[in-house]
Amino acid sequence: MFSALENTSVALWVGQSLWAYPILLSTHIVGLAIVVGIFAMRDLRLLGFFHGLCPTAFLPLSKMAWMGFIINAISGFLLFTSQALTFISSTPFLLKIACIIAGMAMAGVIQSKLRGELANSGGEAVLSGSIKTLAAASLLLWIAAIIAGRLIAYL
Amino acid sequence: MLESIALIIADGPLNLWIQSIYWLWPILEITHFIGLSLLLGGLIIIDLRMAGHFREFNLTATHKLLPIVFLGFGLNLLTGVLFFCGDPLRYSVNISFQIKMVLVAFAGLNALFYYCKINPVIHTWNTAAESPPIAKAVAYTSLITWTGVLLCGRLIPYLGTG
């Protein structure tokens, strides 16, 4: 299946075109900055930094994080096709994907908790211990995703 | 200028030290990626709010994010200098690196303009009204320039290495 993917015309274009791979990589880093950047700011706020910044204000911003995620899902998939067999047998790659899935799931949970707090307290969210634990886990997952992603080239 | 600096660094003690530790390079890269996420993440909120988006954020409270933006910048300045010292002859002649440095300097000037012209009056804004055009211009310039920095940075291995 993965070797078939590697031989599709899209995969061959990514692998052989002079510009496709570098442009996709550049797009991927912008998407990374949007996704990890926004989620990291949200997580740090939930952990108690940036007092004065309203935690529930991060709710509408998650649309942007999702936009970054979609940019990276597309650019990442295209990069993947060019060396599908290599990537699929790379441990750091699989760890990276696992971290991203867990990080996005975590974002969904944090999002619904924040919505609940917004509804309950009328704007002035009280940060519970459980939301802090989730934020800490989320932050670690995104850092782990970056580490694993970079190590694909080394391991 | 860059090339004469590169010639001084090449084969110097720092250059040889960086090259001698196999794991240092990926560790620097990982740190550089984390740093850029902090820098951009903070600026996305500060700049978009300054341009009038995401008004759920209190305008001046977004400035609480500045320390993390500076932390991200500091991490990347440090790791960036080490990259340069680790491979000075490659970076100094690389067109993508050179454009990246010009863009970083331009982003710095833009931030300086913000600090001198907008920051002193920002608390007088009517936060319910549209942001002033000059503030929008500075905010979008910042985001576009830093995006350019990311793009040029990622293209360094592919573009114009002499």
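Stokes-Einstein diffusion of chain B at 4 °C, 1.567 mPa s viscosity, Kirkwood radius from Cα pairs, rounded to a whole number: 75 µm²/s. For the stretch A:127-144 and the stretch B:84-162, what is the separation of their Cα centres, given in Å? The stretch A:127-144 and the stretch B:84-162 have Cα centres spaced 30 Å from each other.
Among B:ASP47, A:ASP43, a tally of other beta-carbon atoms within 10 Å of each Cβ gives an order, fewest to most, of B:ASP47, A:ASP43. The Rg/Rh ratio for the stretch A:2-151 is 1.07, where Rg is the radius of gyration of the alpha carbons and Rh is the Kirkwood radius. The stretch B:1-69 and the stretch A:38-92 have their alpha-carbon centroids 18 Å apart.
Only helices enter the 222 nm calculation for the protein assembly as shown: every DSSP H run of n ≥ 4 contributes -39,500 (n - 2.57), and dividing by all residues gives -25000 deg cm²/dmol, rounded to 500. As a rough footprinting exposure proxy, the listed residues B:GLU3, A:GLU117 were ranked by other beta carbons within 10 Å of their own, and the order from fewest upward is B:GLU3, A:GLU117.
Our summary gives the stretch B:2-155 a relative contact order of 33 percent, counting only alpha carbon pairs under 8 angstrom and 6 or more residues apart. Which helices, counted as full DSSP H runs in chain A, have an axial Cα extent of no less than 15 Å and a Kyte-Doolittle average of 0.5 or above? Qualifying helices, which must be both long enough and hydrophobic enough, are A:20-46, A:58-82, A:91-121, A:129-151. Counting, for every residue in A:63-76, the Cβ atoms of other protein chains within 10 Å of its Cβ and taking the mean gives 1.
Rounded to the nearest whole Hz, the Karplus-based 3J(HN,Hα) values (6.51 cos²θ - 1.76 cosθ + 1.60, θ = phi - 60°) of the stretch B:34-44 follow the sequence 5, x, 5, 5, 5, 4, 5, x, x, 5, 4, with x at glycine and proline.
For the stretch B:131-138, 3J(HN,Hα) computed residue by residue from phi via the Karplus equation (6.51, -1.76, 1.60; θ = phi - 60°) reads 5, x, x, 5, 5, 4, 4, 5 Hz, glycine and proline entered as x. Cross-linked pairs A:LYS132/B:LYS64; B:LYS64/B:LYS100; B:LYS64/B:LYS136; A:LYS63/A:LYS113: Cα-Cα separations exceed 22 Å for B:LYS64/B:LYS100. The HN-Hα couplings worked out from phi for the stretch B:59-66 by the Karplus form 6.51 cos²θ - 1.76 cosθ + 1.60 (θ = phi - 60°) are 3, 6, 5, 4, 5, 4, 7, 4 Hz, whole numbers, x standing for Gly and Pro. Rounded to the nearest 20, the size of the Cβ-charge dipole of the stretch A:2-151 about its Cα centre is 180 debye, with Lys and Arg at +1 and Asp and Glu at -1. Its convex hull of Cα atoms gives the protein assembly as shown a direction-averaged projected area, equal to a quarter of the hull surface, of 18.3 nm². Dipole magnitude for the stretch B:1-72: computed about the Cα centre from +1 point charges on Lys and Arg Cβ and -1 point charges on Asp and Glu Cβ, it is near 400 debye.
Per residue of peptide B:47-54, the mean number of Cβ atoms on other chains within 10 Å of the residue Cβ is 2.
Readers should treat all values here as calculations from the given coordinates under stated rules, not as data from a laboratory. Note that the structure is a prediction, hence the values are computed from the model and not measured. Heads up, the Cβs are rebuilt from the backbone with ideal geometry, glycines too, and the neighbour counts pull from every protein chain shown.
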